[in-house]
């Protein structure tokens, strides 16, 4: 039996190749994702080590809340206290500034990587290693820069560069170039590092009287743990003493959580591909068995048992699985590199360490490659078992499948259960994990359910889709008939395409809803005329620009008022829950943004002790105007603020809004996240040409500011609208690229099915050719059959996608999406793309069919 | 009608498979003419080359040497595409089994060669053919809803639909019971008598052959005998002599 199976496989090379391709693609994707993220992990572990440095202990503030970069600094007096502790040999005060120290090159461009941070440091003698005889910065106008940044941007020692800091811009002379981490090799992941003499750094970063932390070296031969204890006693509560090891672990954990996000998102796409491939493999085995039904019947007739027959099907699956796994692992390693390049092209700066293949990855690859093929062969193998010996004699034997009525009940039940799970996941689940689990499980069930269901309406659907085609002649009529003749096959072939398009459709609906919500907010609630943000802001709260920018704009007569905004994610504690916070200049913000104030006022609010809250939160916590609210900040302080306003629109400020004064009291970060400005004399009621004139004047006035500070861009309403839309579109484009692979696999599935159908219909094709069908007409018939199947799958998928998308749009918080919008034109274009894809998938099968020898085909059995 | 007109002919036709020791001559120098309006049966034992002759005459297969003509058209000079169009427009086919496209209705099957050519069927003629073969009430049915005899009647109608210069029938009754078979043969006879259709039929059934105007006997790729106005008995007699 083994030899027979093997011979069968080798005999049908194309079929084998096509089946294998789908499995190989899934295995490669999974391997690629693991290999890439593993390599990222190794690189980042190395970086974490370098960040921890060679000191023994660090003294820093205790932090329970908020981001690492919001950790409260240590009072400078502590250094003196620590120095006196027995066993402490050396105390090195460290100051740093996260993501807001940006060097400007000679051409006036900001050197700001998108993704990795732009960092500022005091000189760290045991972590920075000068190259080529440079000097460490020792005067107030000197700085040094890391070797990667210097090389990439042509920075030259001796030249003077402007540097944007959190407070202001200042010129510094470059005196040295250093490697970070080790004297031989710079440990860089794309971050930029500017280093200054300690006092200069404190002044430039706005850290007067404080340090971010103290680095301690312990006297040789002393027990680190006992020194740690002694220092902790000396500094008292509020500060903590941690080992370098602990810092390394902390940093590695931070990096890991970021890598895990990458890993999970990419794995989700890999999972989709695996799922699609399962459909296709199952379909192929199904066809393979029906194709060999006479042969299998003959085997039964000459004495093979049903068990032997099904075993031969399993064996074929196993061989395909093993082969695909081996090839898939090889391709996966290549794909890992490719994925990294893709992400880099998209604006990430990922380190280029060697791609890693860990044993875990290989195990996963085998589990998927072999598991998926074996799993997909279960049903076909069971059917093969039931083939009667008589099948050898009757040529028109068909495999028994579940009846269409049974399918209707089974599929309906599955789809309904899936829909319920989806609903629960979107609307009732509380944790991220349970949301994802329920949604994924629900979606899978809906897909399988729909696919079980779809054969029962594939015939009429194919007839309807093909109806307009019949006008184009007999080839199309035949195509339509063929697409409709075996609804199970059409449905399962279309099923693979359905999944991809459901996801694309869903992404389309969510994206369009996001855009629409954003644009509606911009049009209805935003009164400001100009918007100022960092060049690479995105949604990273740590990317800021200096107050100096705001001051310069405020000084321009062309602008009436400027409002600064800052925000921080999850760094406040209110009533026991962590909350996001927004800040603004309350006195003026109502001129810029209309948050639909229900009660109270922002303009008249007390900036020092006031807070504004969204209506939902106010209702939850029973707050009204004048209610006291206890707010705990990342510096550990708790303020009692008074509710001054309740607003209805949370798309602007989220749930909580305070004045910048409150922020400055509790955060050391002084940079501004975003600013808006109103143009003097501008009003929507003015005639169009006067509006344009004012805007042109404003643009001319603000240009020197953005030239001075190349880290920011200033856009008027129209430009801002466009750039935000572009940003969203490029994000969607990334999703589509990742989904494209699943579509390619679906195409392989269509090609596969068509090739097998052509084989099955050899005699019919021979007859058609005999009675005068030309090769071209034959190719056309197969092409249109493919188009009908593809369009059927696309429509099915898009219908599901719209339902998923609308559900997601409803489930996503109102602050991001408050109206569901279906981009019909876009969806229609996907159908057209699917139809074209169908044409592409049909190329090879059609060519094969047209080259059949007529006489051989007629006498084919 | 001018019976002198030639519908198809073969000149010195050779069809050789393999070479050297394994050489098989399926056709070994055949010269034959099929006059227009004539009903010819080709008979012979298995392996005599009767199917090969038909395939080569119909442009489904090519000769190793010699030439086959449909009308005055030499087949070897035609491209694959021209050959296809020739089959579509000038030749009708009736096979033993699997004569119909399962996804098309009986009516669509009948007009298939015409629709392939993008021509409007001559509805009057089609109706006449359908009525003659008694399929009027079955016209919208799919092949799998028809009996074997009905399917074969559809095949005959399809072959007649284009009024081809010649119809080739390969054991058209081989899969039918004798009553149904005789019906089909009568229709074919009628097509020759009433419409002047030219038919070449391969068969090994003497009673089927007796419907023809003449019977050509093939053995080992050569024409060994010919019989005009055959009856089942004369055919059987002649077969016996050939066998002996």
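The values are calculated or read from the model by the stated rules, or taken from the named source; none is laboratory data. The structure displayed is predicted, hence computed values, not measured ones. Cβ sites come from the backbone with ideal geometry, for glycine too, and all protein chains shown count toward neighbours.
See the values below:
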quantity	calculated
Answer from A:75, A:50, A:64 - the residue that is in the same structural domain as residue A:218 (by TED's automatic domain parsing) and within 32 Å of the chain's Cα centre (by Cα)	A:64
Lone qualifier among B:110, B:32, B:91 - being out of contact with any helix residue (DSSP H, G or I) (no Cβ under 7 Å at 6 or more places or on another chain), modelled with pLDDT of 90 or more and more than 10 Å from chain A (Cβ to nearest Cβ)	B:32
Listing of strands (runs of 3 or more DSSP E) fully contained in region B:183-244 that carry 2 or more residues being surrounded by 23 or more Cβ atoms within 10 Å (Cβ to Cβ)	B:199-202, B:214-219
Unique residue being under 30 Å from residue A:529 (Cα atoms), touching a residue at least 24 places away in the same chain (Cβ under 8 Å) and in contact with a helix residue (DSSP H, G or I) (Cβ under 8 Å, 6 or more places away or on another chain) when the list is A:558, A:588	A:558
Unmet criterion (only one of (1) at pLDDT 90 or above; (2) out of contact with any helix residue (DSSP H, G or I) (no Cβ under 7 Å at 6 or more places or on another chain); (3) within 30 Å of residue A:300 (Cα to Cα)) for residue A:322	(2)
Helices (runs of 4 or more DSSP H) wholly inside region A:547-641 containing at least 3 residues that are buried (at least 22 other Cβ atoms within 10 Å of the Cβ) and modelled with pLDDT of 90 or more	A:586-592
Selection within region A:40-81 - surrounded by 21 or more Cβ atoms within 10 Å (Cβ to Cβ), modelled with pLDDT of 85 or more and part of a helix (DSSP H, G or I)	A:78
Selection status of residue A:795, modelled with pLDDT of 85 or more and either within 14 Å of another protein chain (Cβ to nearest Cβ) or in contact with a helix residue (DSSP H, G or I) (Cβ under 6 Å, 6 or more places away or on another chain) (or both)	no
Unique match (being at pLDDT below 85, more than 27 Å from residue A:33 (Cα to Cα) and either in a helix (DSSP H, G or I) or in the same structural domain as residue A:382 (by TED's automatic domain parsing) (or both)) among A:339, A:299	A:299
Residue identified as touching a residue at least 12 places away in the same chain (Cβ under 8 Å) and within 14 Å of another protein chain (Cβ to nearest Cβ) among A:827, A:844, A:852	A:852
Residue A:753 vs. criteria in the same structural domain as residue A:679 (by TED's automatic domain parsing) and part of a helix (DSSP H, G or I)	no
Hey, residue B:120 farther than 25 Å from residue A:774 by Cβ, more than 13 Å from the chain's Cα centre (by Cα), more than 10 Å from chain A (Cβ to nearest Cβ) and surrounded by fewer than 23 Cβ atoms within 10 Å (Cβ to Cβ) or not	no
Residues within region A:736-781 that are within 13 Å of chain B (Cβ to nearest Cβ) and modelled with pLDDT of 80 or more, tallied	22
Residue within region B:161-175 that is surrounded by fewer than 17 Cβ atoms within 10 Å (Cβ to Cβ), more than 18 Å from residue A:772 (Cα to Cα) and more than 12 Å from chain A (Cβ to nearest Cβ) present	yes
